[in-house]
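Read the figures in this text as sums done on the coordinates, not as results from a lab. Nothing here was measured: the structure is a model prediction, and the numbers come from that model. Note that each Cβ is placed from the backbone with ideal geometry, even for glycine, and that neighbours are counted across all protein chains shown.
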Amino acid sequence: MRNPMFVYDEKLTDLIFDYCRWRLALDPVPLDYGGAVHESLAASLEGLMSPGGTDPVDVMELFDKTLATAAVSVDSPKFLAFIPAAPTKAALLFDMVVACSSLQGTSWIEAAGPVAAENQALRVLADLAGLPGGAGGCFVAGGSAGNLSGLMVGRDTAGVRMGDAAPDHPVVAISEEAHSSVGKALHVLGVDSLLVPCHDHRLTGRALRDALANDPRGDDVIAVVATAGTTNAGIIDDLAGVADVAEERRLWYHVDGAYGCAALFAPSVRGRFDGIERVDSFVVDPHKWLFAPFDCAALLYREPWLAKAVHSQDASYLEVLHRDTPEEWNPSDYAYHLTRRSRGMPLWFSLAVNGTDAYRDAVETVLATTQAVADLIETLPHLELVRRPELSVVLFRRTGWGKDEYDDWSDRLLEDQTGFVMHTTWDGDAVGRLALLHPDTSIELVAEILASTA
Ligand SMILES: *Cc1c(COP(=O)(O)O)cnc(C)c1O
């Protein structure tokens with residue numbers, strides 16, 4: 001007798017597809033509550049893992065009523081904390097295809113079709129950045145994985161670039177605004193960081209050059225990380241100035257554009273990214289502002305053969321993966337992972353069916369709404385704009401408020417389901433922060449949120 005877990009089950013399929021159809025059609029998506037739920041989740045889950053299994057209808061009921069509502073909907077236009085998400089319908093649907101087809105994308109020999117498609121999506125991003133035709137990489141789980149994998153190549157190829165000048169104890173130059181995942185990657189890699197002091201929270205070529213000249217470890221620096229769109233404030237570093245220094249000193253140049261590089265699609269701000277065409281590696285998270293479902297980050301290298309020399313895994317059972325046919329491309333060779341799902345496919349499908357103009361328009365819409373939000377803040381007497389937004393993060397001060405008042409405000413907004421916001425720290429003070437990303441986040445909605453600070 002066949003094991004029933006592997007037999008097609010019409011009722012179970014309907015149960016799940018009906019749920020997905022309902023969730024996809026929700027307009028608007030309810031914001032829900034995340035960690036703010038009060039009943040005990042452990043009590044609700046009690047006894048569910050049993051030898052005989054539980055009726056799927058009951059399990060879905062529990063998921064729908066108790067678990068799903070205990071997650072703030074990151075795809076709600078009211079989600080303005082951290083970095084939101086806004087996957088397209090096409091991308092979400094194709095994620096189900098990836099799941100139902102068990103699509104993996106580890107190697108060419110197993111999955112040439114999906115890998116070719118993922119590479120086509122990567123090429124769109126490489127072209128936006130202006131990288132040469134030989135550029136390539138792979139999709140990884142997130143910006144953190146991308147930063148780690150890119151910097152690992154920077155570390156391990158220092159000898160090739162720098163020859164005798166390569167230091168015994170390599171150091172990577174980063175700015176104070178670098179994302180925490182960069183520091184973590186350096187920790188994993190066993191590499192120290194040289195913190196470049198920045199004027200106005202922006203890493204410039206001049207600041208980097210000065211830091212390298214003045215710090216006793218300057219000559220040990222083998223790589224530099226610039227951020228194209230800081231998570232806290234959406235600031236784009238001086239990518240061209242940093243590129244000049246990287247070239248002079250033969251540093252590996254990695255750009256962390258996990259959040260901001262989506263705006264390469266937007267002609268109105270494209271000029272701010274000038275210099276990105278000179279990177280050795282960069283990361284952008286389609287699961288943030290490129291409207292793909294989790295978890296999807298694109299990692300691209302100017303010279304992918306360098307990455308391959310570093311990341312290719314040696315194991316006798318893996319030798320067959322490498323046949324070196326001209327088309328062959330093994331995503332496992334371009335990051336520290338091996339087995340991976342074809343997580344770039346939902347983006348590929350959505351780009352193919354919607355067209356790149358729709359992406360340009362969606363990003364431009366968010367940029368325009370952000371400017372309107374900044375304008376509105378400037379008209380409100382009790383609010384002060386911290387700085388003009390460069391991308392889609394707005395920072396503001398509410399006169400008289402400290403951390404506790406911002407926290408109370410967040411709690412109130414979530415409780416009445418008006419919005420999900422979190423304050424941040426700016427020059428040592430608590431300030432309000434709104435991160436826009438969903439094209440459906442309207443100025444009216446943000447105006448309502450801001451009105452509640454009165
Ligand atoms: C979000 C973010 C990361 C981390 O990416 P994950 O996808 O969460 O791993 C890194 N750098 C920047 C600038 C980010 O905004």
Label model pair residue 187, residue 206: point-to-point distance (7 angstrom along the Cα→beta-carbon line) in nm is 3.4 nm
Kirkwood-based shape ratio for the range 148-287, expressed as Rg/Rh from alpha carbons | 0.94
Relative contact order [Cα under 8 Å, 6+ residues apart], the chain, whole percent | 20 percent
Entries of 184/403; 65/89; 78/308; 89/403 with Cα pairs more than 32 Å apart = 78/308; 89/403
Taking the Cα-to-Cβ direction at residue 24 and at residue 7 and moving 7 Å from each Cα, how far apart do the two end points lie in nm?
-> 2.8 nm
Sequence-distant residues sharing a close amide H with residue 236 (under 5 Å, placed H) = 229, 230
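What number results when the radius of gyration of the range 27-135, computed over Cα atoms, is divided by 2.2 N^0.38 Å? Before the final figure, lay out each step's value.
On the way: Rg = 19.9 Å, N = 109, 2.2 N^0.38 = 13.1 Å.
That ratio works out to 1.52.
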Specify whether the C-alpha gyration tensor of the range 97-354 places it in the rounded, prolate or oblate class, a ≥ b ≥ c being the square roots of the eigenvalues: rounded for a/c under 1.5, otherwise prolate if a/b is larger than b/c and oblate if not.
-> oblate
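Two decimals, Cα atoms only, Kirkwood Rh: what is Rg/Rh over the chain? Working shown, then result.
Values: Rg = 23.4 Å, Rh = 23.7 Å.
Rounded to two decimals, Rg over Rh is 0.99.
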The convex hull of the Cα atoms of the range 107-219, divided by residue count, gives a volume in Å³ per residue of 151 Å³
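Per 0.36 nm of contour for each residue apart, how much would the distance between residue 100 and residue 352 grow if the chain were fully extended, relative to their Cα-Cα spacing? Could you put the intermediate results ahead of the total?
Values: separation 252, 0.36 × 252 = 90.72 nm, distance 2.01 nm.
So the extension gain works out to 88.7 nm.
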Spin-label point model (7 Å from Cα, Cβ direction): what's the residue 309 to residue 429 distance in nm?
-> 5.1 nm
Please order 62, 383, 351 by the number of other Cβ within 10 Å, starting at the fewest.
-> 62, 383, 351
Please order 128, 194 by the number of other Cβ within 10 Å, starting at the fewest.
-> 194, 128
Would you please give the residues with an amide H less than 5 Å from that of residue 104, counting only those at least 5 places away or on a separate chain, with H modeled from the backbone geometry?
-> 342
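Once R0 is set to 45 Å, what does the formula 1/(1 + (r/R0)^6) return for the Cβ-Cβ distance between residue 60 and residue 110, expressed as a FRET efficiency to the nearest 0.05?
Details: r = 33 Å, r/R0 = 0.73.
Working from the Cβ atoms, E equals 0.85.
Normalized C-alpha radius of gyration of the range 356-451, against 2.2 N^0.38 Å?
Details: Rg = 13.5 Å, N = 96, 2.2 N^0.38 = 12.5 Å.
Compactness ratio reported: 1.08.
Could you line up 436, 347 from fewest to most neighbouring Cβ atoms inside 10 Å? Don't skip to the end; give the middle numbers.
Details: 436 26, 347 31.
Arranged by neighbour count, lowest to highest, 436, 347 become 436, 347.
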